[in-house]
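First comes the structure, then the notes that go with it.
The values are calculated or read from the model by the stated rules, or taken from the named source; none is laboratory data. Note that the coordinates shown come from a computational prediction; the quantities given were computed from them, not determined experimentally. In this analysis, Cβ positions are derived from the backbone assuming ideal geometry, glycine residues included, and neighbour counts consider all displayed protein chains. What goes into the accessible areas is simple: the full protein's heavy atoms, side chains included, and nothing from ligands, DNA or RNA. Shrake-Rupley method; radii C 1.70, N 1.55, O 1.52, S 1.80 Å.
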Amino acid sequence: MSVSYEMMYILRPDLSEERVEQEIQKYRDFITEYGAEEIEIQNRGKRRLAYPIQKYQNGIYIQMNYNASGKQVAPLEKAMGLSDEVIRYLTMKVKNRPTTPEETSTAEEESQQNPN
């Protein structure tokens, strides 16, 4: 059974653009090996952190959405925890993630009608 996940991870702010792209591709390949599908990655860019992490005031935010069985979450988080480039990460299970533009607009309309 495939479940939708959203992962946000923060890379060190001193990485070059080329190195950031290498890190993004490394984690994309990693979850693909574990059977993840419909992978969407968005580079949110460099932003100020809410509080210092490892003496960094800024970080490069990367959002990764994917569908998978769940067996890849622990190995992926372990790999990120061991990486010197990743300063923070969080994986969340997403309920009913819209996959098409039509579903997205329908979900937004329903959330506006039912704010609970």
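Taking the residues in segment 30-40 that are in contact with a Lys or Arg (Cβ under 8 Å, 6 or more places away or on another chain) and either open to solvent by 80 Å² or more (accessible area, probe 1.4 Å) or within 17 Å of M92 (Cα to Cα) (or both) as candidates, determine which candidate is modelled with the highest pLDDT.
Within segment 30-40, the match that is modelled with the highest pLDDT is I39.
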So Y9, is it closer than 12 Å to V86 by Cβ, hydroxyl-bearing (S, T, Y) and under 11 Å from the mean Cα position of the chain (by Cα): yes
Whether any residue in segment 41-55 is under 14 Å from the mean Cα position of the chain (by Cα), open to solvent by 70 Å² or more (accessible area, probe 1.4 Å) and over 17 Å from E21 (Cα atoms) is what I want to check. no
Evaluate segment 1-22: report whether one residue or more is among the hydrophobic types (A, V, I, L, M, F, W, C), loosely packed, with under 12 Cβ neighbours inside 10 Å and free of Cβ contacts under 8 Å to residues at least 12 places away in the same chain. no
Given the conditions (1) of a type outside the set (F, W, Y); (2) closer than 19 Å to L90 by Cβ; (3) assigned to a helix (DSSP H, G or I), every one holds for N65 apart from (3)
Look at segment 58-83 and say how many of its residues are open to solvent by 40 Å² or more (accessible area, probe 1.4 Å), more than 19 Å from T32 (Cβ to Cβ) and touching a residue at least 40 places away in the same chain (Cβ under 8 Å). 2
Verdict on Y27 being aromatic (F, W, Y) and open to solvent by less than 40 Å² (accessible area, probe 1.4 Å): yes
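Per-residue answers, yes or no, for (1) at negative phi; (2) small (G, A, S); (3) in a strand (DSSP E or B); (4) in contact with a Pro (Cβ under 6 Å, 6 or more places away or on another chain):
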| site | (1), (2), (3), (4) |
| --- | --- |
| M7 | yes, no, yes, no |
| Q22 | yes, no, no, no |
| Q25 | yes, no, no, no |
| E38 | no, no, yes, no |
